[in-house]
Amino acid sequence: MVSVAIVILLAGLVAIYFQCARLQEKRPVTASAGLLLLEDCDDDFRKPPFNDTVTLFCSREDPVRKVSDLNICQTVGGCRAVSVAGRFFTVCENVGNRIGAYEISTGRRLWSLKGETAGDEFTAATVSPNGLVYALSSHGTIYGDQILVIDEEGRIARRASVGGFDLVLDAERGALWLTGKSIKKCDLDLNVLVEVTAVGWCAVSVDVDREGAVWVAERDHPNVAGSTNRLLKLSSSGQILRSIGLSFSPLCVRVDRSDGSVWVTGKAVSKSAGQRFLDSLEKRTGRLPTGKTLRRFLTRPNIHPGTRRFDKNGTLLCEIKQGGFSLDLDPVDGSSWIAGDEKVYHYSRQGKRLARFRAGSWDKYIVVVP
């Protein structure tokens, strides 16, 4: 009788656990209009059909796949590959060699622009209040080599040989900030006003606060001397105000403009016990004939995601064990949406988890629709 009671109790606990999990993974509830999620859904970006998509999530409706047949692949950070402005959003395809604008309500393509050569990649874009799109493109380098200004009809209005991987618009001050090999501030005529070269490898993400200062996420590279994982805060004139070392590799940064606090998400990667054992063994024996499957299993790294929130002075406010490839903040309540590994997580401004739902692969770009 006792054993039967224990089994029944355990079964009840398991049922409660899965019920709670289902409740947590219900439809996302946003204070704003919704979420757009650009996902790298397929493993093969070389052969069609291409299945990468943008999906709209709304609080009161089932998710709607707005755009499909996109072609993106993994890159070095959570740049602005998808951006929202008013009635439309833009998507940058770093493999599809294309940038397009789409109507939010219907997913209808408003315009599409191909790169001029086969190797061109569009990495990031942002939209000004007057509808002009500022887009970064690259040919064979993660640092970018060109910025374009595109009008509402999809025509190139201006261009300059100024490179970057990510960018943000400071509309109030008429400035663009670009990050990559260095940190640049440009005017809206694409003239470089300030350049800060204190980047070891690559600055992969940038955002601006209401006072015109910017926060930049810089990543370490094991083969690049002087590179490091850190957050930088720069004044509007380009002076470095803060440098905050991080225990993980940052992929995306976003600023809460209501109070100047900053969120950063990313991951740390370490060797697994199997990798360390194999390394130790092969130092004595040379490379062993393990076969691809066993070697892949043994060398699969440990992934340690993480997210931090700091105040405007760089003081840690909260620490979250979940991390992601990109994140965005809801301007209504200051909550964060983190596009993590196979899930999207929703956290309050104080760092309390509110919800999660399943969503594809690790490489996801998320943006809140105001």
>> Condition first: part of a strand (DSSP E or B), over 19 Å from the mean Cα position of the chain (by Cα) and either small (Gly, Ala, Ser) or closer than 25 Å to ILE366 by Cα (or both). Now tell me which residues in the range 235-273 satisfy that.
In response: SER243, ILE244, GLY245, SER270
> GLY212 fails exactly one of the following numbered conditions: (1) touching a Leu at 6+ places or on another chain (Cβ under 7 Å); (2) closer than 13 Å to GLY238 by Cβ. What is the number of that condition?
Replying inline: (1)
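Of everything in the range 110-160 that's among the basic types (Lys, Arg) and at pLDDT 95 or above, which residue is nearest to LEU35 (Cα to Cα)?
First, the residues of the range 110-160 that are among the basic types (Lys, Arg): 114, 155, 158-159.
Okay, now just the ones that are also at pLDDT 95 or above, so 155, 158-159.
Working: ARG155: 28, ARG158: 31, ARG159: 31 Å.
Here the answer is ARG155.
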> Picking from ARG219, ARG242, ARG254, which residue would you name as being surrounded by fewer than 22 Cβ atoms within 10 Å (Cβ to Cβ) and of a type in the set (Lys, Arg)?
Replying inline: ARG242
>> Please count how many residues of the range 344-365 are of a type outside the set (Phe, Trp, Tyr), in a strand (DSSP E or B) and modelled with pLDDT of 90 or more.
In response: 7
> Looking at the range 315-354, which of its residues are crowded, with 18+ Cβ neighbours inside 10 Å, among the hydrophobic types (A, V, I, L, M, F, W, C) and farther than 27 Å from ASN94 by Cβ?
Replying inline: ILE320
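Kindly evaluate ARG276 against the criterion of being of a type in the set (D, E, K, R) and either assigned to a helix (DSSP H, G or I) or surrounded by 13 or more Cβ atoms within 10 Å (Cβ to Cβ) (or both).
On the way: of a type in the set (D, E, K, R): yes; either assigned to a helix (DSSP H, G or I) or surrounded by 13 or more Cβ atoms within 10 Å (Cβ to Cβ) (or both): yes.
Here the answer is yes, as ARG276 does meet what is asked.
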>> Tell me which strands (runs of 3 or more DSSP E) are completely within the range 60-146 and hold 3 or more residues being surrounded by 20 or more Cβ atoms within 10 Å (Cβ to Cβ) and in contact (Cβ under 8 Å) with a residue 40 or more places away in the chain, or say none if there are none.
In response: 82-85, 88-93, 98-103, 120-127, 133-139
> Taking the range 156-181, which residues are in contact (Cβ under 8 Å) with a residue 40 or more places away in the chain, farther than 14 Å from GLU211 by Cα and of a type in the set (D, E, K, R)?
Replying inline: ASP166
> Applying the selection to the range 75-119, what residues are over 22 Å from the mean Cα position of the chain (by Cα) and of a type outside the set (D, E, K, R)?
Replying inline: SER105, THR106, LEU110, TRP111, SER112, LEU113, GLY115, THR117, ALA118, GLY119
>> Looking only at the range 335-364, filter to residues that are free of Cβ contacts under 8 Å to residues at least 60 places away in the same chain and in contact with a Leu (Cβ under 7 Å, 6 or more places away or on another chain); which one of those is nearest to THR75 (Cα to Cα)?
In response: TYR347
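Checking the conditions here, which among GLY226, GLY286, GLY291 is surrounded by fewer than 20 Cβ atoms within 10 Å (Cβ to Cβ), closer than 23 Å to VAL196 by Cα and out of contact with any Asp or Glu (no Cβ under 7 Å at 6 or more places or on another chain)? Working first, answer last.
Values: GLY286 fails: closer than 23 Å to VAL196 by Cα; GLY291 fails: closer than 23 Å to VAL196 by Cα.
Exactly one of GLY226, GLY286, GLY291 is surrounded by fewer than 20 Cβ atoms within 10 Å (Cβ to Cβ), closer than 23 Å to VAL196 by Cα and out of contact with any Asp or Glu (no Cβ under 7 Å at 6 or more places or on another chain), namely GLY226.
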> If GLU153 passes every condition in (1) out of contact with any Phe, Trp or Tyr (no Cβ under 7 Å at 6 or more places or on another chain); (2) part of a loop (DSSP other than H, G, I, E, B); (3) surrounded by fewer than 15 Cβ atoms within 10 Å (Cβ to Cβ); (4) not hydroxyl-bearing (Ser, Thr, Tyr) but one, which one does it miss?
Replying inline: (1)
> Only one of TRP177, TRP215, TRP201 is touching a His at 6+ places or on another chain (Cβ under 7 Å) and aromatic (Phe, Trp, Tyr); which?
Replying inline: TRP201
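Can you name the residue in the range 170-192 that is among the polar types (S, T, N, Q) and under 19 Å from ARG230 (Cβ atoms) and, of all such residues, is surrounded by the most Cβ atoms within 10 Å (Cβ to Cβ)?
Applying the first criterion (among the polar types (S, T, N, Q)) to the range 170-192 yields 179, 182, 191.
Pick out the ones that are also under 19 Å from ARG230 (Cβ atoms) and you get 179, 182.
Details: THR179: 31, SER182: 17.
Here the residue is THR179.
The values are calculated or read from the model by the stated rules, or taken from the named source; none is laboratory data. Worth saying up front: this structure is predicted, and the values here are computed from it rather than measured. Quick reminder, even Gly has a Cβ in these numbers, built from the backbone with ideal geometry, and neighbours come from all protein chains shown.
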